[in-house]
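**Student:** My structure is below; once you've seen it, I'll send some questions.
The values are calculated or read from the model by the stated rules, or taken from the named source; none is laboratory data. All values reported here derive from a predicted model rather than from experimental measurement. Quick reminder, even Gly has a Cβ in these numbers, built from the backbone with ideal geometry, and neighbours come from all protein chains shown. Accessible surface is based on the protein model in full, side chains and every heavy atom, while ligands, DNA and RNA are left aside. Shrake-Rupley method; radii C 1.70, N 1.55, O 1.52, S 1.80 Å.
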Amino acid sequence: MILYILKGKDHSSLKEKLKSSSASFKFLNLYGKELALAWPDSAVEGITDESVELVVKTKKSYILAGNEWKKDPTVVKVKDVEIGSKRVVVAAGPCAVESEEQTETVAKAVKRAGASLLRGGAYKPRTSPYSFQGLGEEGLKILRKAGDETGLPVVSEILDARDAGAFAKYADMVQIGARNSQNFTLLRDVGKLGKPVLLKRGLGNTVEELIQSAEYVMMEGNGNVVLCERGIRTFEKSTRFTLDIGGMVAGKLMTHLPFCADPSHPAGKRELVHSLALASVAAGADMLLVEVHPRPEVALSDSEQQLTPESFELLMERIKALASVLGRSA
């Protein structure tokens, strides 16, 4: 249950009433509104206070991310880039930051082609401990430098809350990867950073579970969350993962948060990336996350799915053309 607090009104008496009940509760400021989040509903019903302007009782398991209390779509700002408006935002860059030269080359290429954000992995969650694990904080510094030189805000994945300080310093948007989609402690810690969050769907998570994960970030007063469909594990072997476009469409009806699609990971092969990206845009994706490398054949991770700068430039031309037909821009 969400209780709207009257602006500037003292709510100490409400807090005492909630304390004396069996309810759990949290006061927070979200989207410029003072709220009291209390649960379960049965323990809150009947509590009245002069500081409460409005009470919203939701039927969904995701309260803050649901659209029962917030009808208007949320637009997430990463510096001056707006995600969730009519423009399709494209974040592009290498799967992994390997060197300063590689990252700067890609950054300039994707900027020239029309990307709005620079993506790159500094800390890499690899299935095998013997695979390239990323450059760590040094990778974030390289990414930051390339972003500053091209004017592109940067997004990178955090694996451990102990690295939060480095992300607060170098990243403009913090990504939670598929493997950490239900790492609830990390979600809370990232929420406290106050940075925009790109939250990926777990390999075996439902759309509802993805939205519930966003609740952990939002409960820390951070409503700047972009949900990301990146493919789920199914019986199908012709692609690396199954890009659940239908799930993304359903998700957009379930939440006010914007949705991103990652066509690179479910494709697993670069020749499939264009079609999956365009299908995502046609289905209403607010953002795309695309992997690009100057020489994919020698990439230290995900070499088979990364596009060359030339291929990415062609993809951007196609995205812009499709967006225009749909009454959008890119």
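**Student:** Label Val298 and Glu310 with points 7 Å out from Cα along Cα→Cβ: what is the distance between them in nm?
**Tutor:** Inter-label distance under the simple model: 1.7 nm.
**Student:** Express in nm, to one decimal, how much length is gained between Phe27 and Ser324 on full extension, taking 0.36 nm for each residue of separation and deducting their alpha carbon distance.
**Tutor:** 102.7 nm
**Student:** Still on this structure, please answer the following. Take the alpha-carbon centre of the stretch 125-173, take the same for the stretch 33-69, and report the distance between them in whole Å.
**Tutor:** Cα centroid of the stretch 125-173 versus Cα centroid of the stretch 33-69: 37 Å apart.
**Student:** Just the accessible area for His293, please: 1.4 Å probe, Å², rounded to the nearest 10?
**Tutor:** Solvent-accessible area, nearest 10 Å²: 10 Å².
**Student:** Among residues other than Ala323 whose Cβ falls under 14 Å from its Cβ, what is the net charge (Lys/Arg +1, Asp/Glu -1)?
**Tutor:** +3
**Student:** Same structure again: Which percent of the accessible heavy-atom area of the chain goes to carbon and sulfur, probe 1.4 angstrom?
**Tutor:** Here it works out to 50 percent.
**Student:** At 0.36 nm per residue, and after removing the present C-alpha to C-alpha distance, how many nm does the segment from Thr185 to Asp72 gain when stretched out fully?
**Tutor:** Length gained, Thr185 through Asp72: 37.8 nm.
**Student:** Which of the listed residues, Ile47, Tyr31, Ser131, is farthest toward the dipole's positive end in the stretch 1-132, when Lys, Arg count +1 and Asp, Glu count -1 at the beta-carbon?
**Tutor:** So the residue furthest toward the plus end is Ser131.
**Student:** For the stretch 68-137, what class follows from the C-alpha gyration tensor (a ≥ b ≥ c being the square roots of its eigenvalues): rounded when a/c is under 1.5, otherwise prolate if a/b is larger than b/c, else oblate?
**Tutor:** oblate
**Student:** Could you work out the Kirkwood radius for the stretch 208-294, taking every pair of different alpha carbons, averaging 1/r and inverting it, reported in Å?
**Tutor:** 13.5
**Student:** Give me the accessible area per residue for the chain, probe 1.4 Å, as a whole number in Å².
**Tutor:** Averaged over the residues of the chain, the accessible area is 43 Å².
**Student:** Collect residues whose amide H, placed 1.01 Å from N in the peptide plane, falls under 5 Å from the amide H of Leu198; neighbours closer than 5 in sequence don't count.
**Tutor:** Residues meeting the amide H criterion: Val174, Gln175, Ile176, Val226.
**Student:** Taking R0 as 35 Å, what FRET efficiency do you get between Lys57 and Arg112 from their Cβ-Cβ distance, rounded to the nearest 0.05?
**Tutor:** For Lys57 and Arg112, the calculated efficiency is 0.10.
**Student:** Per-residue ellipticity at 222 nm for the chain, helices alone: DSSP H runs ≥ 4 residues times -39500 (n - 2.57), over residue total, nearest 500 deg cm²/dmol?
**Tutor:** Taken over the chain, the calculation gives -10500 deg cm²/dmol.
**Student:** I've got another one for you. Assuming R0 = 22 Å, can you tell me the calculated FRET efficiency for the pair Glu208 and Lys237, based on Cβ-Cβ distance, to the nearest 0.05?
**Tutor:** So, using R0 = 22 Å, E works out to roughly 0.25.
**Student:** ³J(HN,Hα) across the stretch 35-42 via Karplus (A = 6.51, B = -1.76, C = 1.60, θ = phi - 60°), whole Hz, x for Gly/Pro?
**Tutor:** 10, 10, 9, 9, 7, x, 4, 4
**Student:** Next question. Computed from the coordinates I sent, percent of Cα pairs over 28 Å apart equals one of (i) 50; (ii) 34; (iii) 41. Tell me the label.
**Tutor:** For percent of Cα pairs over 28 Å apart, the calculated option is (iii).
**Student:** May I ask you to rank Tyr31, Tyr123 by accessible area, largest first, using a 1.4 Å probe over the protein chains only?
**Tutor:** Per-residue accessible area, sorted high to low, gives Tyr31, Tyr123.
**Student:** Tell me, which cysteines of the chain are without a disulfide-compatible partner by the Cβ under 4.7 Å rule?
**Tutor:** So, Cys95.
**Student:** Would you mind computing, in nm to one decimal, how far apart the modelled labels at Arg162 and Glu45 are, each placed 7 Å from Cα along Cα→Cβ?
**Tutor:** Going from the Arg162 label point to the Glu45 one covers 4.7 nm.
**Student:** Would you kindly state how much longer the chain becomes between Leu253 and Ser128 on full extension, computed as 0.36 nm times their sequence separation minus their alpha carbon distance, in nm to one decimal?
**Tutor:** 41.3 nm
**Student:** Kindly identify the stretch 83-197 as rounded, prolate or oblate by the Cα gyration tensor criterion: order the square roots of the eigenvalues as a ≥ b ≥ c, call it rounded if a/c is under 1.5, otherwise compare a/b with b/c, prolate if a/b is larger, else oblate.
**Tutor:** The shape class here is oblate.
**Student:** Given the protein chains as shown and a 1.4 Å probe, how many square angstrom of Ile211 are accessible, to the nearest 10?
**Tutor:** Near enough 0 Å² of accessible area.
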